[in-house]
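Colleague: Pasting a structure below so you can have a look.
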Amino acid sequence: MDADVEQVKTRRARDRDRMDKGLVTNPKDLERMQHELVSLERRINSLEDDELEVMERLEEAQKSLESLTAQLATADARLVELATERDKKLAVIDEEAARISRERAPAVDGLPADLLALYDRLREQKGGVGAAALRRRRCEGCSLELTASDLGQIAKAPSDEVLRCEECNRILVRTSESGI
Ligand SMILES: [Zn+2]
């Protein structure tokens, strides 16, 4: 674009120079050159308008680029913040899991392997709760109230028999408040 304007301006200067120096003497040539000068002037104006428009667009694009760069920087900073928060929370969860695992060890110590396997399987299937207390005739895993006949059977069952809730299938643990 600049080169175009400069080329046209050079031509205009050369023509003017020739005319000013009186090198063009033929009236027809003079007239033709004057026409050409007018046309060159128009061409220069048009090219300068184009140049201005391009510069305006460039300015807009630069502003837009600056704004997007700033947004990107903000998003990057937020991402770092969130990743740090996530790592902190993960560390807390890991610590909690380790603590629970330490506490679980003595609790499961001495339990039969098949009972433990059943419990682990149920816990996985039942949203982390594999066993539920029987309290006031209800299974605390699913809130089902047991029928009198079920309660009667439970009352008769040996204390080491593994009971299961008929509704949710969890291991049912008898308590002093079972209501049997
Ligand atoms: Zn249940």
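Every number here is computed from the coordinates shown, using simple stated rules; none is lab data. The shown structure was predicted, so the numbers you read here are calculated from the model rather than taken from an experiment. Cβ coordinates were reconstructed from backbone atoms using ideal geometry, including for glycine residues, and neighbour counts include every protein chain displayed.
Colleague: How about the stretch 1-91: which trypsin sites (Lys or Arg not before Pro) there are in a DSSP loop, with at most 12 other Cβ atoms within 10 Å of their Cβ?
Modeller: The qualifying sites are Lys21.
Colleague: Long-range amide H contacts for Arg164: which residues qualify at under 5 Å (H placed 1.01 Å from N, peptide plane, sequence gap of 5 or more or a different chain)?
Modeller: Leu172
Colleague: What GluC sites (Glu not before Pro) in the stretch 105-169 are in a loop by DSSP, with at most 11 other Cβ atoms within 10 Å of the Cβ?
Modeller: Answer by residue number: Glu161.
Colleague: Which number do you get for Rg(Cα) / (2.2 N^0.38 Å) in the stretch 35-180?
Modeller: Output field value: 2.51.
Colleague: Please get the size of the charge dipole for the chain, origin at its Cα centre, with Cβ charges of +1 on Lys and Arg and -1 on Asp and Glu, quoted in debye to the nearest 20.
Modeller: For the chain, the charge dipole is close to 780 debye.
Colleague: In whole Å, how far is the Cα centre of the stretch 5-77 from that of the stretch 108-145?
Modeller: Value for the Cα centre distance between the two parts: 85 Å.
Colleague: Looking at the chain only, what percent of DSSP beta bridges run antiparallel? Nearest 5 please.
Modeller: Counting DSSP beta bridges with both partners in the chain, the antiparallel share is about 55 percent.
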